[in-house]
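Worksheet: the structure to be examined is printed underneath.
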Amino acid sequence: MTRSQILANLHTSLASNRPWLEAVARSAPHSIPPYVMPAADDLDAQFMAELHAIAGMAYPVADERAALTQIAALLADRPSPQIIAWEVEQIGLAGLAALLDQQGVTLATSDLHGTSRSAHLQNMEPLAICISGVEAGIAESGSLVLRHGPGRPRLASLLAPCHIAILRRSQLVRGLGEALALLRNRYGEEIFTSTSNLTLITGPSRTADIEMTLSLGIHGPPEVHVVLVG
Amino acid sequence: MSSQPISFYERVNTALDDTSLKTALNRATERFVGNRAGALRALSDANGLRDAARAIRAGALAQLDTLLVQLAERVEARGGHVCWASDAAEAQRYIVNLAQARQVRSIVKSKSMASEEIHLNQALEAAGVQVVETDLGEYIIQLAGETPSHIIAPSIHKTREQVSELFHQHLGVPPTDDIPTMTQTARRALRQRFLQADMGISGVNFGVADEGAVVIVENEGNARLSTSVPRIHVAIMGIERIVAHMEDLGVMLQVLARSATGQKLSVYTSIINGPARPGEADGPEEFHLVLLDNGRSKMLGSQYAEALLCIRCGACLNACPVYQAIGGHAYGGVYSGPIGAVLTPILQPDLPDVYLLPQASSLCGACQEVCPVRIAIPDLLLRHRADAVKAGKAHPIEQAAMSSYKRMMTNPFLYRAAGRAARNGSRLIGRKGRIRRLPPPLHTWSRGRDFPTLPAKSFSEMWEEEN
């Protein structure tokens, strides 16, 4: 059987090279730095500067009311009768359901596991806007951490050309190491119990595959708008 | 094109004669080298981070047997399937059989060097399944019928005119020299493929043993689409690409993105744990992880084990003066550049001329200097050279020359006599201090450059006269 053959080879190989590998493993600490760049004074400013540097947009707003106004403006610029979004309670922004109602915007069905998989996909394809919440924001790279799961579809940050993410100031951490530690503290061994996917998003989709020239939005959203609340 | 039987020397000469390749390579490698250097300078402790990355990778390899079992068990506990494949044929067979059993007609694929290694596309197409590469660079070279020429920028050898022509031919769009227009053309063409695909195939950057997860990094979003939209996701992972803990990503993702493109993090990092859970709207119904050995388990016990620390960032390609001159295709294997010259003789030992790859290096050390996990690539190349000599692969003239050289260097009388002969000879064939063409068998050395004539007196002769 292949599995036992591969494992037998590994045992034989490690019998000779494990001491060397262990010596290399001991040559430096494995501690994970919470962040890797010189600390900035202001996490919000650092997050926004990093996001701007990679062509993302950030909108710092004082409160939920101002956040709704900002979202309304983004929706008005891209009229779309339907959007692809997390369930409103998963986004956790009071008043968002009422705003969408008032604008006559409904959530597209994004369930791909039912019988109408292909119809749902074709229905979602022309839509202009995705809205999601986030688990955390990482200041030193301008990244968003999304923990998907029931009510939190992956396609709501992926399929449409404009992704709007709602991030609370209190969700900002300085670095990736800190973000991973936060997930561990919050969920322990249960990070993936109810979800199959965690995604870090660092700016708009990009490619430089033709002559090293940057183009945004090759497959994912060319626009990432982060409404930074609080 | 890396079309085989032509020899390594012929492929190198073809590459050296290609001026548009030269332009493309200069542009890409200079940009990557500069971006990487900038990204590392911005770190508080770049060397400390690299040391940690090396130690973490070595620690994972030291317990590769238990970590792989742990990874596989946790994937299965989540309802995923695991295929242990000892070689390319086994991995191919598993994926082709799966596609047939599930009546898969079309597959979207995101970039995977391991899938190149097992020639998966050819096997699937032979079985009547349509496979589309969805990374823009991979899509371009698939349309052109070529193979990747760089680990992370597979189509750097193509000019915008060539891409425009390919899109014109295959997609029926008018020619353009505007790159964003071409990108949008590809977005539209590939989007329908994603929506219609029955299966998505991806590579794996890191397998995370403690969570039973696989990590895929990318900038375009094609890997997210390939692993979220189709009913079935197949991930192909070289068995060495493992870390023990999810927290280790806090080091590995940082050095990978910075070394590869100079980004702080790649645009998308997907951490995927089995198939979609109940109540999840998207994500695949089936998840399959193919653990590809293909020589790696034996390599781990060899003098080349260190090369298994590699995280495929491509920094050594960009830094290498040989890669900068000849590009990826001349190497002939799936992996090119310095790390390719180490890996290919082990992973693809049957390629013709493969023993010559480790010769195509001046051992300048630039690769080791930039490697995020500090692999001693020049040492490994030297070991390959020694192995080739032991296996009787050295050219007879070279072998004779080396043994005379050894005799000469260990005998003062012979050394002086040889020096005199070389000085006299060089003045006979030189003109104005230059030799345009050295006599055989040295003539290939002077094909691209002049050789200086040697001075009339040796250093020790001058020393004796002065003192």
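The values are calculated or read from the model by the stated rules, or taken from the named source; none is laboratory data. Values in this document were obtained by computation on a predicted structure and should not be read as measured data. Note that we place each Cβ from the backbone using ideal geometry, even for glycine, and neighbour counts take in every protein chain shown. Heads up: the accessible areas ignore ligands, DNA and RNA and are worked out on the full protein's heavy atoms, side chains in. Shrake-Rupley method; radii C 1.70, N 1.55, O 1.52, S 1.80 Å.
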Completion exercise
Given pairs B:LYS298/B:LYS390; B:LYS109/B:LYS158; B:LYS111/B:LYS390; B:LYS111/B:LYS298; B:LYS390/B:LYS457; B:LYS111/B:LYS158 and cut-off 28 Å on Cα-Cα distance, the over-length ones are B:LYS111/B:LYS390; B:LYS390/B:LYS457
Handout entry: Cleavage-rule hits (trypsin sites (Lys or Arg not before Pro)) in region B:405-467: DSSP loop, at most 11 neighbouring Cβ within 10 angstrom
Key = B:LYS432, B:ARG436, B:ARG447, B:ARG449
Practice task
Show which aspartates and glutamates lie in cross-link reach of B:LYS406 when reach means a straight Cα distance below 17 angstrom and same-chain residues fewer than eight apart are skipped.
Solution key: B:GLU398
Handout entry: Per principal axis, descending, Cα span of chain B in whole Å
Key = 92, 54, 45
Completion exercise
Sorting A:ILE32, A:ALA8, A:LEU74 by the position of each Cα along the dipole of chain A (Lys, Arg +1; Asp, Glu -1; all at Cβ), the one nearest the positive end of that ordering is A:ALA8
Problem - Probe 1.4 Å, all protein chains present, accessible-area order of A:SER4, B:SER458, A:SER215, largest first - result: A:SER4, B:SER458, A:SER215
Completion exercise
Once both label points are put 7 Å beyond Cα along the C-beta direction, the A:SER27-B:ASP450 separation in nm becomes 4.5
Handout entry: Tilt relative to chain A, helix A:43-53 - C-alpha long axis, 0 to 90 degrees, to 10
Key = 90
Handout entry: Whole-number percent relative contact order across region B:46-297, with pairs defined as alpha carbons under 8 Å at least 6 apart
Key = 28
Exercise for the section: Find the accessible area per residue for region A:1-115; the probe is 1.4 Å, ligands and nucleic acids are left out, and the unit is Å². Expected result: 53
Practice task
May I ask for the net charge around A:ARG168, where only other residues with Cβ less than 14 Å from the Cβ of A:ARG168 are counted and Lys, Arg are +1 while Asp, Glu are -1?
Solution key: -3
Completion exercise
Here the tail fraction of P(r) beyond 27 Å, over all Cα-Cα pairs of region B:46-297, rounds in percent to 36
Fill in the blank from the handout: Its Cα gyration tensor gives chain A an equivalent ellipsoid whose semi-axes in whole Å, largest first, are 37, 24, 18
Exercise for the section: Identify which of A:ALA208, A:ALA23, A:ALA136 has the largest mean-square fluctuation in a Gaussian network model of chain A, with springs joining Cα atoms closer than 10 Å. Expected result: A:ALA23
Practice task
Just tell me which aspartates and glutamates come within less than 17 Å, Cα to Cα, of B:LYS432; anything on the same chain fewer than 8 places away is out.
Solution key: B:ASP450
Practice task
Over region A:80-152, calculate the relative contact order: mean separation of alpha carbon pairs under 8 Å at least 6 apart, over the residue count, as a percent.
Solution key: 39
Handout entry: Average projection area in nm² (convex hull over Cα atoms of region B:407-466, one quarter of hull surface)
Key = 5.0
Handout entry: Mean residue ellipticity (222 nm) of chain A, computed from DSSP H runs ≥ 4 via -39,500 (n - 2.57), nearest 500
Key = -11000 deg cm²/dmol
Fill in the blank from the handout: To the nearest 20 debye, chain A has a Cα-centred charge dipole, built from +1 on Lys and Arg Cβ and -1 on Asp and Glu Cβ, of 660
Problem - Whole-percent carbon and sulfur share, accessible surface of chain B, 1.4 Å - result: 54
Handout entry: Rounded Å value of the spacing that divides the Cα centres of region B:404-437 and region B:264-281
Key = 66
Exercise for the section: Calculate, for B:SER404 and B:GLU369, the FRET efficiency according to 1/(1 + (r/R0)^6) with r their C-beta to C-beta distance and R0 35 Å; round to the nearest 0.05. Expected result: 0.55
Exercise for the section: List the residues of region B:298-336 whose accessible area drops by at least 50 Å² when all protein chains are present, compared with their chain alone, using a 1.4 Å probe and counting only protein heavy atoms. Expected result: B:LEU300
Exercise for the section: Name the cysteines of chain B that stand alone by the Cβ rule: no other cysteine Cβ under 4.7 angstrom. Expected result: B:CYS83, B:CYS310, B:CYS313, B:CYS320, B:CYS364, B:CYS371
Practice task
Just need the relative contact order of region B:410-467 here, percent rounded to a whole number, with Cα pairs under 8 Å and 6+ apart.
Solution key: 32
Fill in the blank from the handout: Heavy-atom accessible area with a 1.4 angstrom probe orders A:THR115, A:THR2, B:THR29, B:THR444, most exposed first, as A:THR115, B:THR444, A:THR2, B:THR29
Practice task
Quote the charge dipole size of chain B about the Cα centre in Debye, to the nearest 20; the model charges only the Cβ of Lys and Arg (+1) and of Asp and Glu (-1).
Solution key: 1720
Practice task
Express in % the proportion of alpha carbon pairs of region B:320-467 at distances exceeding 29 Å.
Solution key: 37
Exercise for the section: Quantify, in whole percent, the carbon and sulfur part of the accessible surface of region A:15-152 (1.4 Å probe; protein heavy atoms only). Expected result: 55
Problem - Accessible area (Å², 1.4 Å probe, nearest 10) - A:MET48 - result: 40
Problem - Dipole-positive endmost among B:PRO345, B:ILE107, B:HIS245 within the protein assembly as shown (Cβ charges, Cα centre) - result: B:PRO345
Problem - For chain B, share of DSSP beta bridges that run antiparallel, in % to the nearest 5 - result: 30
Completion exercise
Taking Cα atoms, the helix A:2-26 axis meets the longest principal axis of chain A at an angle in degrees (rounded to 10) of 80
Fill in the blank from the handout: Measuring from its Cα centre, the protein assembly as shown shows a charge dipole (+1 at each Lys and Arg Cβ, -1 at each Asp and Glu Cβ) which, in debye to the nearest 20, is 2420
Completion exercise
Interface buried area B-A, accessible surface with 1.4 Å probe, both sides summed, nearest 100 Å², comes to 8100
